[in-house]
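We did not get these values from a lab; they are worked out from the coordinates using the rules stated. These numbers were taken from a predicted model, which means no experiment stands behind them. Cβ coordinates were reconstructed from backbone atoms using ideal geometry, including for glycine residues, and neighbour counts include every protein chain displayed.
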Amino acid sequence: MPTGDGAEEALALRAAQGDTGAFDALVTLFGGRVFAVAFRILQDRAEAEDLSQEVFVALYHSLPSFRGESKLSTWIYKITRNRCLNRLKFLKRRHVGTLADIDDPAVARAAVDPEAEARGHKRADQRLQHVDVSRVLEEHLLALPEEQRTLVILRDLEDLSYEEIADITGLPLGTVKSRLHRARAELSERLSPFLDDVVT
């Protein structure tokens with residue numbers, strides 16, 4: 001499958017013209033990343049799966065309006081982020097908890113590194129330690145305010161640039177950097193006791 005920004009734009013153009021094979025290729029290319037972001041924000045596997053489908057339905061209908069003013073991946077992340085925040089508001093109104101799946105070790109690993117399984121199995125003790133770190137990271141990520149959590153996910157887990165994050169969130173570049181700095185500091189403070197225990 002072709003990769004790279006140019007190839008992604010070409011797939012988007014073909015999909016917008018009705019090429020179902022090109023759209024399927026986009027789903028394959030971005031499906032894992034969309035689910036990973038959705039799960040990290042929503043903290044619920046079923047909700048993340050449903051929302052991922054909604055994102056690609058929305059993408060299918062909106063591709064003809066894509067003008068290439070930003071990267072396709074940035075545009076898809078923006079759709080994902082906005083729908084996640086709307087879903088969180090809905091869940092809060094219904095008082096629905098979102099931590100049920102974090103007890104599933106496979107989900108916990110996928111939340112931190114969705115491609116970990118593809119790189120092969122590690123020793124049992126390493127996997128258990130990784131699950132513990134994953135669990136604690138996800139719990140403390142969830143404790144951050146929604147905006148801070150989203151910034152950490154996009155920058156530190158999805159490796160997006162500050163400029164891409166500013167485009168996705170609509171925040172000024174300087175605001176993205178300052179709020180991300182505060183989010184990292186708070187997350188580091190929360191994680192420090194656990195990481196000290198792991199090291200010792």
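Of the residues 91, 76, 60, the one whose Cα sits farthest towards the positive end of the charge dipole of the stretch 1-98 is 91 (charges of +1 on Lys and Arg Cβ, -1 on Asp and Glu Cβ, taken about the Cα centre). Dipole magnitude for the stretch 1-98: about 620 debye, using +1 per Lys or Arg Cβ and -1 per Asp or Glu Cβ, origin at the Cα centre. Taking the three principal axes of the alpha carbon atoms in the stretch 1-98, the coordinate ranges are 42, 24, 20 Å, sorted in descending order.
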